[in-house]
1. Using the Cα centre as the reference, give the magnitude of the dipole from point charges on the C-beta atoms of the range 61-182 (Lys, Arg: +1; Asp, Glu: -1; all else neutral), rounded to the nearest 20 debye.
2. For the chain, which whole percent of the accessible surface, found with a 1.4 angstrom probe, sits on carbon and sulfur atoms?
3. Report the relative contact order of the range 51-182, percent, no decimals, based on alpha-carbon pairs under 8 angstrom and at least 6 residues apart.
4. Could you name the lysines whose alpha carbon sits less than 29 Å from that of K7, not counting residues in the same chain fewer than 8 places away?
5. Only Cα pairs within less than 10 Å get springs; with that Gaussian network setup on the chain, which residue of S156, S40, S132 has the largest fluctuation?
6. Taking +1 at the Cβ of each Lys and Arg and -1 at the Cβ of each Asp and Glu, which of L77, Q12, A87 sits farthest along the dipole of the chain towards its positive end, judged by Cα position relative to the Cα centre?
7. For a quick protection proxy, order the peptides 148-155, 77-84, 169-176 by their average other-Cβ count within 10 Å, most packed first.
8. Given the options Q17, Q122, Q67, which has the most mean-square fluctuation in a GNM of the chain, springs set between C-alpha atoms less than 10 angstrom apart?
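The values are calculated or read from the model by the stated rules, or taken from the named source; none is laboratory data. Just so you know, these numbers come straight off a predicted model, no measurement behind them. Cβ coordinates were reconstructed from backbone atoms using ideal geometry, including for glycine residues, and neighbour counts include every protein chain displayed. Areas reflect the complete protein model, heavy atoms only, side chains present, ligands, DNA and RNA absent. Shrake-Rupley method; radii C 1.70, N 1.55, O 1.52, S 1.80 Å.
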Amino acid sequence: MGRAATKTDLIQSAGEQFEKLWNLMDSLTEDERNTPLNFSGLNKSEAHWERDKNLRDVLVHLYEWHQLLLNWIGSNLSGNAAPFLPAPYNWKTCGQMNTAFWNKHQTTSYEEAKHLLLESHQKVMDRIESFSNDELFEKKHFSWTGNSTLGSYCVSVTSSHYDWAMKKIKAHRKICKEAAEG
């Protein structure tokens, strides 16, 4: 399926990708779950390859982006104009915000991170369900979405972000298997 462009597609893709992510996490061995992430040999330039040190870090990243979406929608629907990224961040300093999220959750356990993500995913899905197709995918339906659509933000925070997490977890799993084979 390509990038969702309807409410039905958004709900389906977000649900399917989350289920795949959850199944992938559940399929990890205890060693894979507990081995620190180390992608130094992959020659990746994006900061997140260095930032996240364990699976908890990946899960709380997803959780925090769910919170961004939920808070942004809630504020704007209540008449309190708010940008998607909270001050002092903007799209150029988004990496600093992600690092702040990382710092915030250094005492969060893996099990707690799973619980937070499961709960926030459901809240996001419930929020998506509350909108009509036009509210989600009609450009400029809401003034606060700018030149984008609300649905586009929802896709980015759900299925696209879940894809990102699965790529990272699969790379981790591959590195663990290669290390075990020695």
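1. On the way: 13 positive and 12 negative charges, 89 e Å.
Taking the Cα centre of the range 61-182 as origin, the dipole is about 420 debye.
2. Details: 4790 of 9790 Å².
About 49 percent, which is the carbon plus sulfur part of the accessible surface.
3. After rounding, I find 30 percent.
4. K7 reaches K20, K114, K123, K139, K140, K167, K168, K170.
5. Of S156, S40, S132, the Gaussian network model singles out S40 as fluctuating most.
6. Farthest towards the positive pole: A87.
7. On the way: 148-155: 20.8, 77-84: 11.9, 169-176: 16.6.
Per-residue mean Cβ counts within 10 Å order the peptides as 148-155, 169-176, 77-84.
8. Per the Cα network of the chain with a 10 Å cutoff, Q122 tops the list.
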